[in-house]
1. When you go through A:Gly68, A:Gly83, A:Gly61 one by one, which is the residue that is part of a helix (DSSP H, G or I) and more than 10 Å from every other protein chain (Cβ to nearest Cβ)?
2. Give all pairs with beta carbons closer than 7 Å in which a residue from region A:13-42 that is without any contact (Cβ under 8 Å) to a residue 24 or more places away in the chain meets a residue that is assigned to a helix (DSSP H, G or I) and among the small types (Gly, Ala, Ser); count only pairs at least 6 apart in sequence or on separate chains.
3. Among the listed residues B:Val166, B:Val174, which satisfies the condition of being aliphatic (A, V, I, L, M), outside the structural domain of B:Asp52 (by TED's automatic domain parsing), outside any helix (DSSP H, G or I) and under 21 Å from the mean Cα position of the chain (by Cα)?
4. Restricting attention to region B:226-240, which residues are in a loop (DSSP other than H, G, I, E, B) and more than 9 Å from B:Ala254 (Cα to Cα)?
5. Does region A:60-73 contain any residue that is more than 22 Å from the chain's Cα centre (by Cα) and crowded, with 22+ Cβ neighbours inside 10 Å?
6. Based on what the data block shows, is A:Ile284 surrounded by 24 or more Cβ atoms within 10 Å (Cβ to Cβ), within 19 Å of A:Val174 (Cα to Cα), among the hydrophobic types (A, V, I, L, M, F, W, C) and in contact (Cβ under 8 Å) with a residue 12 or more places away in the chain?
7. Which of the helices (runs of 4 or more DSSP H) contained wholly in region A:87-176 include at least 1 residues that are within 14 Å of another protein chain (Cβ to nearest Cβ)?
8. So, of the residues in region A:202-219 that are among the hydrophobic types (A, V, I, L, M, F, W, C) and touching a Ser or Thr at 6+ places or on another chain (Cβ under 8 Å), which turns out to be nearest to B:Lys88 (Cα to Cα)?
Amino acid sequence: MINSWLANRFGLRVEKQIHVSPWISLFIPFISIVLALLVGAVFLSLTGNDPWKVYGVMFKGAFGSVFGLSECVVNAIPLLMTGLAVALAFRMLLWNIGAEGQFYMGAFAASWVALSFPHAPAYLVMPGMFLAGFAGGALWGLLPAIPRALLGVNETLTTLMLNYVAILWVDSLVYGHWRDPQGYNFPLTAQFSDAATLPSLGNTRIHAGVFLALAAAVVVHIILKHTVWGYEIRIIGESQKAAKYAGINVVKNILLVMMLSGGLSGLAGYCEVAGITHRLQESISPGYGYTAIIVAWLGKLNPWAIMVVSFLFGGFLVGGYTMQSAGLPAATVSILQGSILFFVLAGEILTRYRICLVERRNDQ
Amino acid sequence: MLKLRRVAFWVLLIFILTMGLMGCGKSTTQPTSSEGKEKLKVAFIYIGPVGDAGWTYAHEQGRKYLEQHVPDIETKIVEKVPEVDGEKVATQLVQEGYKVIFATSFGYMDGIINVAKKYPNIIFLHCSGYKTAPNVGTYFGRMYQARYLSGIVAGKMTKTNKIGYVAAFPIPEVVRGINAFTLGVRAVNPKATVNVVWTNTWLNPALEKDAAKSLLEQGCDIITQHQDSPGPMQAAEEKGAYGIGYNSDMSKYAPKAFLTAPVWNWGPYYVKVINEIKEGKWKSSQYWGPMSDGVVGLAPFSKAVPEDVRKLVEEKKQLIVSGKWDVFTGPIKDQKGEIRVKDGERMTDQAMLSFDWFVEGVQGTIPAKK
């Protein structure tokens, strides 16, 4: 009774925060993480674990050793590049969910160069792979951009579906024509020549792709903040109608932004095959292109913030495995990671919007 | 206007704080090793969860067996590790002080070789791969021998002469299994065919089950699988058909349908290897364990398998165990009817390890190479 009375009298309204102080936007993520860890602690103690010990192991595993830190960076490289890629598209309200597929197509195109010219010197094959990686991703981004720009076809679905096409395309190659003749018919291509692999730093797995990723962040920042094009992108993101009214060519911008976005993801794929696997194989990405969406949101579509978030997220993935070797089952680790994400994303929404209880007046 | 957010926030915070503090009150005692002897630290990297009832489960049973049968060791597992993360996890385990690392999926191969170069004093054992190093050995079992025996059961018991095979990936290991199974089927029932469906996944219970259903729809009355979950067995159970599982005894998931299953039995191998390492006798090798070593075998028959079939299987089993005869002994024809292995000739390990063609009687295709 009281419930229905309340429901009739009051309603919940979600409204956009008009002014968010910088203090709040730092404070809320911090509180979210603390809350997430507290909820996680409850869950851990209910399942018979010592929460502080588990957290200690997680933190130490990711950030407490040179190896841990280096692995965070290894994960951060593809996350940063794909994160920037989707952030760029999201800025224009283009929902590019296809970073995963663009990553695969970039890896495919770069591998094509490496495998076609096994004896080429590094100064030819490396730029070739770089360009091919970019082009592969860019074309895969362009494909759904054309119907979006001309006919208004929803890009969320088309970019998502093209992920499966790209992954299966790579699968069909490594199981078929590109199989390594010396590989006992296993689904792997031949290993790239030394000229076609990115050097790694010291004894770690961090490869030269890290500089490319950092450069990409600078480039995206400059485009968005210091160019007319970036201004146009931001205007279209705020209001497409206003942009059209101001004489901005929306069609051209959709095509260009999706190409650049796809190209960045393609470069991430290039870095992964040239820096980590040194050959094309199936499942080269454990879902970087999807995680990129979370990274981009948590980074508020800001290149510098995305850089920090992708590093932290890298630690999040590395720490997950250390928690397992502390005796936690993989499922528990996933629940913990999921709840941390949930809180951080929820907190993020609360900084942007507020929920108010409003009295209904003229209803019925 | 109520500031609902602020109120909700404090309520939640207080609730969580109290819960958290209650939880932390519990003290957990650390197990301390009282013995002076230093324990050998052994780690296992798994591709799936230990509860998959299949591949990873079988390795986990092997690890438990190892813990029970070898003193002074400490084992640890890391499960659900994707192929590309194998190198990361292996390095992490080395840094945590693990001296022996078992990597139990093919996809870890390159990563393990990379880590092994950096840590020459750590021993790595990689299941189902082909690359070795002074401190990297490979191990696998001749599962095709058990597959052949299970094929005999299927060939004898099919009524429609159509048997469905739910298969993961078109790689030599799986192709070899399909061929061995088909040879078993055709040895007792030359009219029967084996229909293959690829799922492109090792573990996806729903998809595996759907693939089995599609085979049942096509008139197959026995389902077998090269998959990690009992999904295909459950499909057979629902349809009132028979099923031959894989990896571990899956009878409890399909009590009526289940006939038998080719199974892995890693325990004795793990014990043997660890003892060799402890005694300092271990040397890198490529171990491909036959049925006579007990690494592979058949799960106990269900009641549905008649006595004469059991007898026939037992006879063939003895022949294989004796080493006088093996499954891929000619004449063997391919799908086009061409003789690929001549009469009396035995296929080499090299040829078996890179199988990329199907024997006569298989309905299905392998993606073509250049």
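The values are calculated or read from the model by the stated rules, or taken from the named source; none is laboratory data. Quick caveat: nothing in here was measured; it's all calculated off a predicted structure. Reconstructed Cβ throughout: ideal geometry from the backbone, glycine too, with neighbour counts over all protein chains shown.
1. None of the others qualify; the one that does is A:Gly83.
2. A:Leu38/B:Gly20; A:Ala41/B:Gly20; A:Ala41/B:Gly23; A:Val42/B:Gly20; A:Val42/B:Gly23
3. B:Val166
4. B:Gln227, B:Asp228, B:Ser229, B:Gly240
5. yes
6. yes
7. Filter on region A:87-176 gives A:99-116, A:155-175.
8. Checking each candidate, the answer is A:Ile206.
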